[in-house]
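Okay, so here's the structure we're looking at.
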Amino acid sequence: MSVPAAIRFGRVNRGIQNIVKTFHRQSFDAAKYIQPFFTATEYAELRKLQQSTGAILSGEPVDRFFDRWPIDGELIIITKTGSYTAIRRWLRRIGYAQKDETAADLPDKVRSTVRQIPIATRKWRYGRAGLTLHLITATQTPVEVILNFYSTSFMNFWTDRNAYSLYPGYTFDEHFAIRNLTGRSNDTVDSVKRRCLYNVCNMPHAAAIIHESSPFAGGFFRFVGDNKCCIRPLQYHTKHRDRREPITAHSWDYKVGPVSAHISYSLFPATSSTIVCFSEYELSAAETSLHSKQCRAMLASGRKGNRRSFVRCDASGWTLTSSIFDNLNGYPNNFTAHTAQVLMELCRDLLLKYEMVHLIQHEVNYLQSYITAVISVSPNSENRIATYEYNDILNFLLKKRINIRLTWPHEP
């Protein structure tokens, strides 16, 4: 529920609103999941370190926090390369003993490419009272480590103020995750023991992306803190609690291919000391729309107010695509996300090129999971629609059991 909706609901029934708030405070209590590793005083100190260093917490305990599972697993602290000394010194002071250290193999700087540069350079394993935590130093930024985890079910982390889950909903409600096939494997990160609590597949089904609000929806960039993330405040009071977190500057693209889906991003030097992950589309659009200095200042601040102007969010295309898959009663699971993505791109292209686009006929064969639809288009001028432009797309959809016919009003 958004903040305005919560305010309106609170005016109507304040009693129920207080009950819901109490439930959320008790169910998503960060203290219960951090208490095995740190006392209340130690956790307050760690939060101050997070605020000054930009470190984030991840690992199996953080995954379990969002789904309210019993506490278990090893905690991960991810920080930038230049700020790990203070955290290591603090861990030793509170009684954590170093067990081992792992260093990544660095490639030749002259011949290395971006994908050859490791996402993390070093890892220290610490133990205290039978519990294990890992300190990982990210080569560029901690968020890059998160975006290269094995699956979307691992892409959860805590800052000093909020808990973020980048792919909730289908992870915690439907209990499945998408394998990150294009993630850059790193022995330093992969050596951490972490159980995947859900079924993992290579491709989401059509039902997972036909709605614009879905975290797996293709065609739009994602960013930390957008309306597709799950954000839980950690009940931490500070005079800066209303200031937007710098971590919301990070964004990425989620793209669906014929056999798999993958996450992509570019690294962008927002300031002289800060590197952020950026959606390729957002970065190019921002640099085109703004002067270089304005672009860097806006992107580095983590503000998302102007991001809508960078992407044409054609809601009608999503509505038309959803209508074609409507009334399937669960049958969208029989169609892949790539099929739905191709259909959505067809609908969006029709809406951009032609004046009126309507779904005038829609039939579903439930036994064969076969969809037949007729879309009527009205050209912007007297020129008739050139159906041959879409032959390849229509033939592809036909092979995927979706028969789309294009027509126009004056056709008999």
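The values are calculated or read from the model by the stated rules, or taken from the named source; none is laboratory data. Given the structure is predicted, the values throughout are model-derived calculations rather than measurements. Every residue, glycine as well, gets a Cβ built from its backbone with ideal geometry; the counts of neighbours run over all protein chains shown.
Here's the yes/no breakdown for (1) within 13 Å of the chain's Cα centre (by Cα); (2) surrounded by 14 or more Cβ atoms within 10 Å (Cβ to Cβ):
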{"position": "155", "(1), (2)": "yes, yes"}
{"position": "164", "(1), (2)": "yes, yes"}
{"position": "192", "(1), (2)": "no, yes"}
{"position": "210", "(1), (2)": "no, yes"}
{"position": "213", "(1), (2)": "yes, no"}
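Taking the conditions exactly as written (surrounded by fewer than 23 Cβ atoms within 10 Å (Cβ to Cβ) and under 21 Å from residue 230 (Cα atoms)), does residue 186 satisfy them or not?
no
Applying the selection to region 70-82, what residues are surrounded by fewer than 18 Cβ atoms within 10 Å (Cβ to Cβ) and outside any loop (DSSP other than H, G, I, E, B)?
Passing the criteria: 81, 82.
Could you list all residues from region 301-350 that are modelled with pLDDT under 60, loosely packed, with under 14 Cβ neighbours inside 10 Å and in contact with a His (Cβ under 9 Å, 6 or more places away or on another chain)?
Matches in region 301-350: 327 only.
Restricting region 246-273 to residues that are surrounded by fewer than 17 Cβ atoms within 10 Å (Cβ to Cβ) and assigned to a loop (DSSP other than H, G, I, E, B), which is modelled with the lowest pLDDT?
So, considering only residues that are surrounded by fewer than 17 Cβ atoms within 10 Å (Cβ to Cβ) and assigned to a loop (DSSP other than H, G, I, E, B), the one modelled with the lowest pLDDT is 272.
In this structure, does residue 186 turn out to be in contact (Cβ under 8 Å) with a residue 60 or more places away in the chain, of a type outside the set (A, V, I, L, M, F, W, C), over 19 Å from residue 50 (Cβ atoms) and touching a Pro at 6+ places or on another chain (Cβ under 7 Å)?
Yes, satisfied.
Take residues that are modelled with pLDDT of 75 or more and surrounded by 11 or more Cβ atoms within 10 Å (Cβ to Cβ) and tell me which of the helices (runs of 4 or more DSSP H) falling wholly in region 1-69 contain 3 or more.
Hits in region 1-69: 30-34, 40-53, 60-67.
Just give me the residues in region 215-237 being surrounded by fewer than 14 Cβ atoms within 10 Å (Cβ to Cβ), within 23 Å of residue 144 (Cβ to Cβ) and either more than 13 Å from the chain's Cα centre (by Cα) or not polar (S, T, N, Q) (or both), in sequence order.
Those that are surrounded by fewer than 14 Cβ atoms within 10 Å (Cβ to Cβ), within 23 Å of residue 144 (Cβ to Cβ) and either more than 13 Å from the chain's Cα centre (by Cα) or not polar (S, T, N, Q) (or both): none in region 215-237.
Within the set of pairs 6 or more residues apart or between chains, which connect a residue that is touching a residue at least 40 places away in the same chain (Cβ under 8 Å) inside region 388-408 to a residue that is loosely packed, with under 15 Cβ neighbours inside 10 Å and in a loop (DSSP other than H, G, I, E, B) with Cβ atoms less than 9 Å apart?
Short answer, once both residue conditions are applied: 401/368.
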